[in-house]
Structure formats: C-alpha cells, structure tokens
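Peer 1: Here it is, the structure, as structure tokens.
We did not get these values from a lab; they are worked out from the coordinates using the rules stated. The shown structure was predicted, so the numbers you read here are calculated from the model rather than taken from an experiment. Every residue, glycine among them, receives a Cβ derived from its backbone with ideal geometry; neighbour counts consider all protein chains shown.
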Amino acid sequence: MFYSLLIFPWAIVKYTPSGRGLKYIYSSVEERNQFQYFSDLVFGIPIKGLEVILWNLAVPEFDEELMQPRQTFLPLTILRNVGNLTIKEAALDKFPPPRHNSRFSQRNSKLLLSYPDESNLLDKKLYKKLKRLVEGNRPVESGNAPFREREKRFNLNPYMAHHRSFLEKALRKAAKASLSFNSMGFKSVRADIVKHLQPQYNRIVNASRVLVAAIEEDKDRYQALDLEPRGGYFQTFDAARLVIWIEKYAAAFERDQDERTEIAFRVDKREIKSFRMDHPREMMLRRLGRAFEHEECDLFIDAFKYLLRDLQAQFSEIKQTWRDLFKSDTHRNTMCRTEYDRDSGSLDGMIDLAV
C-alpha cells in the first residue's frame, strides 16, 4: 500500500498516482486535522511507502501564524514500519491550488512565488530523525493509544463531521457578524436561530409538562416514588409509567437532525454509542433501568430523583441562556420575539418530588 499526500498551509490533498487528479480532504475551516486523522487510520497497518508533498510557501493573513515544521509533521510520529518515507516540496505547476478556495486565487499564487526563502520543511537533522522513527519498529508509547481513541471520539460530531448543519452554520455567521460589529446582521442570524430552536424548545416544555402531571398523579394515587409504597411492594407498572415519561423527557433534549446529519449518526452509530456510554446522563439512565429491573424501591427513587435533577438543571440553563441572548440589545428592534415560552407557558424552578 502506497500513500502520497500533498500538504499546504491551509489544505491537505490526497494524491494517488493511479487516480485522475487530486482529492481535497482538509481545509482550515474544518475542526479536525485530517492529516492527524489519516495517521490514526493507518496506524499499525503495513505501508510500503509514504510520500508527503509540502506546499510550503505561504502568505499569512490577518495575523495568522503558520504551523512550525515540528507541528506540521507531528501526526507522523505514531507510524512505524513504513517502507519508505519521503518528504518534499511541491511544484506549483504540478500541484495547482484548488479552484474553489478563494485564498488560492491567481493573485495569491503569484504572491506565493515571491517568498522563495520561506519554508516549512524540516531541517536535515529533524528529517533524518523522523524518517528513522517512522521507518523503524520502535514501540509507540502506550499513552498515545488511549489518547488517539479519545481524539477519534472528539472528532465524531455528526452535526459537523460530514457537513455543517443549519445551526452550526448559523452560529458561525452570528459570531462573524458580532466580531465585525454588524448589529443588524447579527440580529438577522439570531432570529433564524431562534426560529430554528423554538420547536425543539417547545418539545422539551411539553415533555416536562407530561412528566410533571405523571409525578403529581403518582403522589395522589400510585406512590411508586414512596419509600413505603402501597402494600409494601414495588409498584412495577406505576414505576414503569414514570420511567417511560422521564426517558421521553430525556430524549426531548436531543437536537433535531436533518437528513445528512441523520445519515452521519447512522454511519458512526457504533462509535457514537460507545462514546455515549461514559456520558453522565447515559449512566443515570442505565442506573434507573437497573433499579427498575431489580425492583429496588429505594434505589429506584434515588436514581429517578438524580436523573430528574440533571434534566431540570439543563432545562433551567436553556431558559437562562435564552434570556441572556437578548441582554445586550439596547434598542427595541430585536427582529424576533424574546418570550421563549409565550405559547407554552413557563416551568421555572425544579419539579417538586415531595410525596
């Protein structure tokens, strides 16, 4: 297996001699470093040869700092037993910049040629050291393995991994408008965000209301949350009813997914499920499920209350964030309504579980 990678300051391009051109796989607007991602993917796989072609001439913009050579090639340090590692500079006539990247316009291409002495290549000493490391069989420090796995998990954001969802795009536009003091532009994007999130917020409100009603009914009739339940026995059916509604309440906090995001969730289903196993809320849900299955009354009540407090804390945080969203408005023109629950009513405060 042979790989050839073209790297330049703002992009990494995968190039295969048998292919019909260059495949654009990384740009600075993406959150994850695809060069590192590539190294993670081929880690432990025998590689006949690896050719890294560096587009090393660059014109920094807006106080940008280009990566130092050590940083650029750091992902390679986890590789071993590579048949032959080659690092060289790219020829502009052989590897033209991607046309869709405005920062590599014809004007900038000429500027690139005006900095012939600036290079991001490793010096000879570091190059030999890296080549000896990558082509050798020296063990990789064990501490790197769990870090790489964790890094892969952090890269698993289905809302951004394969494409940017509406909300991610809108938040970026809002941040850009705010930084450029474009008040009207910011408010316009904010209005779109509020409109997008309102149905999701209403879903949380409605799920909370149903759960409140179920808890109140349990206090009056069923007593599944009573340490001394009716007849002294665990109220299985009544407890199951509460479990169903609190699970639906927890599910209401899940963000809406467009078609491509839903596909991304399905593609990485196993990895996402594994990652979520350690999430506090998932652990609380499992704890509640175990207490219910074992019909442990005191453990069930404790797990139910603990999960409910966590959900209500997030609900309160969402409402406070919505209020804060309009704090800086000095004029009345907010371009959208500010009453986050005008239609649904308010559920401020914690749900009372006292029997």
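Peer 1: Taking just the C-alpha trace of the stretch 167-324, give me its Rg and Dmax in Å.
Peer 2: 19.7, 67
Peer 1: A follow-up question, please. How many nm is it between the label spots at SER316 and TYR127, if each spot is 7 Å from the Cα in line with the beta carbon?
Peer 2: Here the modelled spin labels are 6.1 nm apart.
Peer 1: Additional query: How far apart, in nanometres, would the label points at HIS196 and ASN137 be if each is projected 7 angstrom from Cα along the Cα-to-Cβ direction?
Peer 2: A separation of 5.2 nm, rounded to one decimal place.
Peer 1: Something else: Would you pull out the residues with amide H under 5 Å of ILE87's amide H, same chain only if 5 or more places away, H placed 1.01 Å from N?
Peer 2: Answer set, sorted by chain and number: VAL52.
Peer 1: Go ahead and run the numbers for FRET between HIS294 and LEU41, Cβ-Cβ distance against an R0 of 56 Å, rounding to 0.05.
Peer 2: Efficiency, from the Cβ-Cβ distance: 0.85.
Peer 1: What FRET efficiency comes out for ARG270 versus SER328 if R0 is 41 angstrom and r is the Cβ-Cβ distance? Round to the nearest 0.05.
Peer 2: It comes out at approximately 0.45.
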